[in-house]
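Chemist: Quick one: structure below, then a few questions.
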Amino acid sequence: MIEIRKLQKVGAATLTVSLPKRWVLKKGLKPGDIVTLIENEDGSLRLDVGEAKKAENTIFTINYDLCNSNRMLSRLIIGAYLQGADVIKIISNNALTTDTVNEIQATVDRLPGLEITEQTYRMVTIQSFIDPSKFPVEVMLKRLQILVASMLNQVVSSISEGTPMNISEITRQESKVDELYFLTIRQIFLALRKWHLSMALGIDSPIYAAGVRLVAKALEEMGDIIESIAKGLNSIYKPPLKISPEIAKKLEELGMTIQTLFSKTMKALLNLDADLLNDILNNISYVLEQQDRLTDDVLLTVNGERLASSLKTVIWGFMCIVRNCEVIAEVAFNRLTRTTSNIISIEKA
């Protein structure tokens, strides 16, 4: 519903505007009722019926007795967290076992801002201490980018130097990627459900939120993939396995190409650089062809099933990173075409 109203002057300085009759009837308003005007960060105003209410805590209660499948409890806790739960209660008619409490604690440790605040034989209470306004989604994406770039740099260095990787460090960073991913998705859901948070979180529309969701998932998958690549590389560099200098050189070149592709993709996303985005999408097919050629070389020249399998794991992982770069680039292009710039103008006829 779009209606145009003229401002009317009342008294010496007061300006008023009438409310649409259909909306007034729909809300059941009458003279003397109270409405609340709230100024958004972009300067627009929102009109709510009644007085502004204090934000209420959202409490999720999980009945553990109905969690019959393996890991269901953990998944339900994560789901409640993503939906913006302020308090999560796990209840049971029976005493919660030590294994169950350990599962709850392990899940809480994966979710930023959550803490167990109360524990009895039949109940565990988890509290969120997150201030959503402190974590704009673009900042979260940049932090994810830094982590993924660091992991990818370690992979390329391992290939260049021909040395095993520090798997424990890669695993630690991958866990951090997961934490930031969960927090990013929580922020998106909160912005879509609580309009007053959307501007603070940098989300101006559901379309923008959908793009952030895709980018966050692509970065989270890259973290998982790089961990798999790292394990594959460690298998390759474990005696008595050894790859030829020719294969090692091609693997290094491929890794450096993908490292550059990832860096350019994130730069294009954050800057909405049309030329750079176009080059990225044009080059993706070439990079995938490089991977196919390297796979063929491995099958033709590498002796030993175990070594060939490890090399294919590494090459397949690089391919998945490229595919995720393609997803991010497509999101960036969609953003670009929704924004008026020197290359595109938007008007409504």
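Chemist: Going by the conditions given, is Lys249 free of Cβ contacts under 8 Å to residues at least 12 places away in the same chain and surrounded by 15 or more Cβ atoms within 10 Å (Cβ to Cβ)?
Modeler: When the stated conditions are applied, Lys249 does not pass them.
Chemist: How many of the residues making up segment 116-125 are buried (at least 16 other Cβ atoms within 10 Å of the Cβ) and of a type in the set (Lys, Arg)?
Modeler: Of the residues in that region, 0 qualify.
Chemist: Scan segment 96-116 for residues that are among the acidic types (Asp, Glu) and either outside the structural domain of Ser74 (by TED's automatic domain parsing) or in contact (Cβ under 8 Å) with a residue 24 or more places away in the chain (or both) and jot them down.
Modeler: The answer is Glu103, and nothing else.
Chemist: Testing Glu330 on (1) closer than 24 Å to Ala230 by Cβ; (2) in contact (Cβ under 8 Å) with a residue 12 or more places away in the chain, one condition comes back false. Which one is that?
Modeler: In the conditions (1) closer than 24 Å to Ala230 by Cβ; (2) in contact (Cβ under 8 Å) with a residue 12 or more places away in the chain, Glu330 misses (1) alone.
Chemist: Also: When you scan segment 47-91, how many residues do you find that are at pLDDT 90 or above and either outside any loop (DSSP other than H, G, I, E, B) or not assigned by TED's automatic domain parsing to the domain that holds Gly113 (or both)?
Modeler: Matching residues across segment 47-91 total 24.
Chemist: Same structure again: Any idea how many residues of segment 126-137 are farther than 26 Å from Ile104 by Cα and surrounded by 14 or more Cβ atoms within 10 Å (Cβ to Cβ)?
Modeler: Within segment 126-137, residues that are farther than 26 Å from Ile104 by Cα and surrounded by 14 or more Cβ atoms within 10 Å (Cβ to Cβ) number 2.
Chemist: Which residues, counting only those in segment 18-34, are in a helix (DSSP H, G or I) and without any contact (Cβ under 8 Å) to a residue 12 or more places away in the chain?
Modeler: Lys21, Val24, Leu25, Lys26
The values are calculated or read from the model by the stated rules, or taken from the named source; none is laboratory data. Model, not experiment: these values are computed from the prediction. Glycine also receives a Cβ, built like all others from the backbone with ideal geometry; neighbour counts cover every protein chain displayed.
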